[in-house]
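Reviewing the structure listed below.
Every read-out reported here was derived from the displayed coordinates using simple, explicitly stated rules and does not represent laboratory data. Not measured: the values here are computed from a predicted model. Virtual Cβ from ideal backbone geometry, glycine too; neighbours counted across all protein chains shown.
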Amino acid sequence: MILVLDTNVLIAAFISRGACAALFERCALEHEIACSEVILGELRQHLTRKFQYSGEEADQVAEIVRSVSRMVDPVTLDSPACRDPDDDLILATAVAARASCLVTGDKDLLVLERYEGIEIIRPNQFADFEAGPH
């Protein structure tokens, strides 16, 4: 299965050893994670500005994500889908990757539930999604 992990899921995966870390590890081993430079840029920015990671530490995290991901260029969406243009870039990454799902904690994305055939789910919904038919 191809999936996109939103920036907030990746941040949670690296700042704590909780459910998002386990999800990241499982997806890296069992599925195809798709990512974009947009997501890696947001990841670096948030780790340094909000979580006091050094630039070098944030770059190392981004390289770990890159090493287990297929990098794609986000497509251009026909029209904005979210009020936050950054969220549209996450959707555009998922569309470009032909992802089955986008895993996020972002309410502005979750409210969509589905976008162009891509399920938008919370991290705690992934196991059920993974087990179901696609």
**Asked** Within the chain, what is the longest stretch that has no GluC sites (Glu not before Pro) placed in a DSSP loop and near at most 15 other beta-carbon atoms within 10 Å?
**Response** 1-112
**Request:** Note down the magnitude of the dipole of region 2-131 about its Cα centre, charges +1 on Lys and Arg C-beta and -1 on Asp and Glu C-beta and zero elsewhere, to the nearest 20 debye.
**Result:** 280
**Message:** Test of understanding: in a Gaussian network model of the chain with alpha carbons linked when under 10 Å, which of 24, 51, 14 would top the mean-square fluctuation ranking?
**Reply:** 51
**Asked** Gap in Å between the Cα centre of region 61-79 and the Cα centre of region 1-36?
**Response** 13
**Complete:** Under a Gaussian network model of the chain whose springs join Cα atoms within less than 10 Å, the largest fluctuation of 112, 102, 47 belongs to 112
**Request:** Could you work out the relative contact order of the chain, using alpha carbon pairs under 8 angstrom and six or more residues apart, expressed as a whole percent?
**Result:** 29
**Asked** Which residue, 15, 120, 33, tops the fluctuation ranking in a GNM of the chain built on C-alpha contacts under 10 Å?
**Response** 15
**Fill in**
So, relative contact order of region 2-77 in percent, Cα under 8 Å, 6 or more apart, is 33
**Item:** Kirkwood-Stokes translational diffusion coefficient of region 1-51, alpha-carbon pairs, 10 °C, 1.306 mPa s, µm²/s
**Value:** 142
**Complete:** Output for region 1-59: trypsin sites (Lys or Arg not before Pro) sitting in coil per DSSP, at most 16 other Cβ within 10 Å, listed by number, reads 17
**Item:** Rg in Å to one decimal, and Dmax rounded to a whole Å, for the chain via C-alpha atoms
**Value:** 13.8, 42
**Prompt:** Which of the DSSP-defined H helices in the chain satisfy a minimum axial length of 27 Å, computed from C-alpha atoms, and a minimum mean Kyte-Doolittle hydropathy of 0.0?
**Reply:** none
